[in-house]
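Chemist: My questions all concern the structure below.
The values are calculated or read from the model by the stated rules, or taken from the named source; none is laboratory data. Just so it is clear, the structure is predicted and the values come from calculations on it, not from any experiment. Cβ: placed from backbone, ideal geometry, glycine included. Neighbour counts: every protein chain shown.
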């Protein structure tokens, strides 16, 4: 994986990045429909008490994403 690129699932509360790409085509379509487009800023808001799912903001919307889905979203951390 290129330097500065990490799965969304590895970000901590308050961290953010720019959506770079997706590793799972099925999840990609679902997330694209919800506004998770490459280049969009994504911010981790919080995690459920047991750690899954996570709440993020993307394109002025708050989304709840399962950790296994967030694993397939690659974000750029150093581009901000």
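Chemist: Restricting to the stretch 1-18, and then to whatever is loosely packed, with under 12 Cβ neighbours inside 10 Å and either in contact with a strand residue (DSSP E or B) (Cβ under 8 Å, 6 or more places away or on another chain) or touching a residue at least 60 places away in the same chain (Cβ under 8 Å) (or both), can you tell me which residue is nearest to residue 76 (Cα to Cα)?
Modeler: Taking the candidates together, the pick is 3.
Chemist: Right, residue 27: in contact with a strand residue (DSSP E or B) (Cβ under 9 Å, 6 or more places away or on another chain), at pLDDT below 95, surrounded by 14 or more Cβ atoms within 10 Å (Cβ to Cβ) and not in a loop (DSSP other than H, G, I, E, B) or not?
Modeler: Criteria met by residue 27.
Chemist: Residue 21 - would you say it is without any contact (Cβ under 8 Å) to a residue 24 or more places away in the chain and touching a strand residue (DSSP E or B) at 6+ places or on another chain (Cβ under 8 Å)?
Modeler: When the stated conditions are applied, residue 21 does not pass them.
Chemist: May I ask you to verify whether residue 56 is part of a strand (DSSP E or B), surrounded by fewer than 17 Cβ atoms within 10 Å (Cβ to Cβ) and either out of contact with any strand residue (DSSP E or B) (no Cβ under 9 Å at 6 or more places or on another chain) or touching a residue at least 12 places away in the same chain (Cβ under 8 Å) (or both)?
Modeler: When the stated conditions are applied, residue 56 does not pass them.
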